[in-house]
1. For the chain, set up a GNM with springs between Cα atoms under 10 Å and report which of SER131, SER81, SER91 has the largest fluctuation.
2. Can you give the FRET efficiency to the nearest 0.05 for SER91 and LYS195, using r as the Cβ-Cβ distance and R₀ = 30 Å?
3. Under 11 Å from a point 7 Å along the Cα-to-Cβ line of GLU284: which residues of the range 242-267 have their amide N that close?
4. Return a whole-number percent for the relative contact order of the chain, with Cα pairs under 8 Å and 6 or more residues apart as the contact set.
5. Per residue of the chain, what 222 nm ellipticity follows from adding -39500 (n - 2.57) for every DSSP H run with n ≥ 4, rounded to the nearest 500?
6. I need the peptides 153-160, 276-283, 200-207, 102-109 ranked by packing, meaning the mean over residues of other C-beta atoms within 10 angstrom, with the highest value on top.
7. Could you give the nm distance between label points at LEU71 and MET1, where each point is 7 Å from its Cα heading toward the beta carbon?
8. Using 1/(1 + (r/R0)^6) with R0 = 35 angstrom and r between the beta carbons of LEU260 and GLU146, what's the FRET efficiency to the nearest 0.05?
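All of the numbers you see were taken from the coordinates with simple rules; none came from a lab. Here the structure is a predicted model, which means the values were calculated and not measured. A quick note on method: Cβ atoms are made from the backbone with ideal geometry, for glycine too, and the neighbour counts reach across all protein chains shown.
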Amino acid sequence: MYPRRVIVASRPSKLSLVQTEIAIRWIRKTFPDIEFEIRTFKSTGDRVLDKPLYMIGVKGIFEKEINQAVLRGDADIAVHSLKDLPASIDSRLELACCPPRDSPYDVVVVRRGECADIYKLRPGSRIGTSSMRRRMFLRKIRSDLEIVDIRGNVDTRLRKLLAGQYDAVILAECGIVRLRGIVPEVDEVEYERLKETEVPPAPGQGIIAVVCRKDDHDLLKMLREASHRETMIEAICERSFLKNFGGGCHTALGCLATCLRDRLKMYTAYIDNKTMRTYVVELEDSPERADELGRRCAEELKRLVESVREI
């Protein structure tokens with residue numbers, strides 16, 4: 001028997017709550033009679049706002065406390081941005097469901113009426129980002145920009161941009177799209193997308209993840225049935241790549257899996273922060289081999305890096 005009532009753990013930010021509602025609406029398309037209750041829990045990333053992400057030094061800074069609520073029994077499921085989930089989560093939990101993926105790309109965000117083309121920003125422009133990945137890849141294409149740290153939720157970062165503290169900020173496009181009509185600052189900015197060959201997305205970016213306990217068999221079966229097939233395939237591939245390559249907030253690593261009918265394509269890129277050399281691997285396989293494709297990309301990318309280091 002499927003459950004009739006499900007308690008959902010979420011972070012309290014506006015974006016997290018919107019993503020939780022998106023997940024709930026998607027599950028209800030398959031199971032319309034389920035009653036959901038949302039409970040919010042603050043994560044380490046919500047509490048520590050005076051350091052860039054790569055300096056906090058804790059894995060799962062946006063994930064751990066939310067998943068702990070599920071393990072304690074304070075919630076049945078947890079909803080996350082998939083890119084916030086570490087490559088390996090608690091063995092008692094499973095990524096069980098994903099709604100359809102939104103845009104995986106990063107965007108350059110500027111005040112309305114200003115130019116958002118990364119190549120046309122004036123030299124010395126202050127660009128806000130808390131991501132080592134974005135920082136390093138931006139330096140490769142525009143070394144003349146001043147890239148500075150920024151923290152806070154999406155609406156907080158937009159307010160800092162509008163206040164003139166930055167000339168532009170780099171954000172995930174999906175976050176801006178999801179907050180349109182909810183956060184007024186979104187209507188005061190415009191943005192331009194960065195290609196994956198310029199700034200490759202974080203693994204899982206644009207995907208909403210629903211996690212539950214493995215021993216909650218009825219709920220797990222329900223969530224698996226509701227999950228969007230192509231998005232889950234891309235999630236499995238990208239998380240396999242992340243797990244097998246390694247790294248985290250300190251690593252300039254990006255990837256994008258694209259599931260098209262009977263083929264799964266994978267683009268991966270890495271910058272060595274000592275040499276500033278960029279390594280790229282592109283492979284494809286069948287969707288049924290998503291985990292294997294992610295592993296192959298990781299191994300080939302590591303092989304490239306090590307072959308250069310040995311010279």
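1. SER91
2. Plugging the Cβ-Cβ distance into 1/(1 + (r/R0)^6) gives 0.25.
3. 258-266
4. After rounding, I find 21 percent.
5. Here the helix-only value at 222 nm equals -10500 deg cm²/dmol.
6. Sorting 153-160, 276-283, 200-207, 102-109 by mean packing, highest first, produces 200-207, 102-109, 153-160, 276-283.
7. My value for the distance between the label points is 3.0 nm.
8. Plugging the Cβ-Cβ distance into 1/(1 + (r/R0)^6) gives 0.35.
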